[in-house]
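Here's the structure, in structure tokens; my notes come after.
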Amino acid sequence: MGGAVLRTTTQVRALTPDDLPELRALLDRDRLANLFVRNRVDATGLQTRWLGGQIWGYFEDDVLVSACHAGTNLVPVEATPRAIEAFAERVLADNIRPSSVVGLRSAVLPLWELLEPRWGPARSPRLDQPFMVIDRDSRLRPDPRVRPVVMDEFDTVYPACVAMFTEEVGVDPEASSRSGYRARVAQLISQGWSFAIIEDGQVIFKTEVGAATPYACQLQGVYVHPDLRGRGIAGPAISAVVNQVRRTIAPVVTLYVNDHNTPARRAYERAGFEQTTTFASILL
């Protein structure tokens, strides 16, 4: 008689607070690449009313192997090929339609390959986004004008946030969710996560920390006023942000950038960032 065939039982289900220890251990396998999801987990405790979606777990023989943030953004985490297939089936079965699929390129591209036939072409596929990291103070002389934004400056900074988002994402954030976007900008300012150079009521430069854990944080929304681009403002300004957030928020600073955005990549490299892996974003 032949030997018995061992079959692996698999399951995808929404994770609950009871799963937090196992999920955090999974996320800690790559504390930098998984930073966004870890931030969401720590902020919400997997309580659905705060999460605004779900985090799915992919289990093999009752062991959590992979996860996927399923909300406004679809973000696969430590996703194996089998998990990617299972997540794609769940997304399509639940008729979820996020605004983007984001994460490690090695997971996003095969996931999108399974989703694209049903969802049609992406509005903006960004298939090569260097994920960059700095874990020390910047070697570039920081711009002393950079400082945290205060709430009294909301009306000054907000138009720059809208302009940056519209330019980068290709969608006016006020068109679909004016109150939600305003609230998010206000939240980042109140947390001390918004940084800018403001002179004579004009935003010269700004960026925000979009997510953070005790180990690392991630910059987003880097913006230089269009009339002042090409003057070397971004590098020293980013250097100042790095030095400040390493002392007040987290010791490692990360970001990801479109491969074709050569000026931004050069500014980040001047400030001391180095590419460690590659992300991809599919904007829908």
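The values are calculated or read from the model by the stated rules, or taken from the named source; none is laboratory data. In this text the structure is predicted, and so the values were computed from the model without any measurement. When we count neighbours, we look across all protein chains shown, and the Cβ atoms used for this are built from the backbone with ideal geometry, even at glycine. In case anyone asks, the SASA skips ligands and DNA or RNA and just uses the protein heavy atoms, side chains included. Shrake-Rupley method; radii C 1.70, N 1.55, O 1.52, S 1.80 Å.
Yes/no matrix, rows are residues, columns are (1) in contact with a Leu (Cβ under 6 Å, 6 or more places away or on another chain); (2) within 19 Å of residue 25 (Cα to Cα); (3) small (Gly, Ala, Ser):
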position	(1), (2), (3)
52	no, no, yes
62	no, yes, no
66	no, yes, yes
82	no, no, no
90	no, no, no
97	no, no, no
Quick check on this structure: which one of 141, 118, 136, 90 is in contact (Cβ under 8 Å) with a residue 40 or more places away in the chain, surrounded by fewer than 19 Cβ atoms within 10 Å (Cβ to Cβ) and either of a type outside the set (D, E, K, R) or part of a helix (DSSP H, G or I) (or both)? 90
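Yes/no per residue for (1) part of a helix (DSSP H, G or I); (2) without any contact (Cβ under 8 Å) to a residue 40 or more places away in the chain; (3) at positive phi:
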| site | (1), (2), (3) |
| --- | --- |
| 8 | no, no, no |
| 11 | no, no, no |
| 23 | yes, no, no |
| 28 | yes, yes, no |
| 33 | no, no, no |
| 36 | yes, no, no |
| 39 | yes, no, no |
| 43 | yes, yes, no |
| 49 | yes, yes, no |
Counting only residues that are in a loop (DSSP other than H, G, I, E, B), in contact with a Phe, Trp or Tyr (Cβ under 9 Å, 6 or more places away or on another chain) and farther than 23 Å from residue 139 by Cα, region 253-284 contains a total of 1
State all residues of region 40-66 that are open to solvent by 30 Å² or more (accessible area, probe 1.4 Å) and under 16 Å from residue 214 (Cβ atoms); if no residue qualifies, say none. 40, 42, 43
Check 205, 165, 195, 131 and return the single one that is in a helix (DSSP H, G or I) and either of a type in the set (A, V, I, L, M, F, W, C) or open to solvent by 10 Å² or more (accessible area, probe 1.4 Å) (or both). 165
Residue, modelled with the lowest pLDDT, within region 180-192, restricted to residues that are assigned to a helix (DSSP H, G or I) and under 22 Å from residue 224 (Cβ atoms): 181
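Only residues that are touching a residue at least 60 places away in the same chain (Cβ under 8 Å) and either more than 17 Å from residue 133 (Cβ to Cβ) or surrounded by 17 or more Cβ atoms within 10 Å (Cβ to Cβ) (or both): list them for region 245-257, please. Step through it out loud before you land on a result.
The initial filter retains those residues of region 245-257 that are touching a residue at least 60 places away in the same chain (Cβ under 8 Å), namely 246, 251-257.
Passing the criteria: 246, 252, 253, 254, 255, 256, 257.
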Region 97-107, residues that are touching a residue at least 40 places away in the same chain (Cβ under 8 Å) and either open to solvent by less than 40 Å² (accessible area, probe 1.4 Å) or on the phi > 0 side of the Ramachandran plot (or both): 98, 100, 101, 102, 103
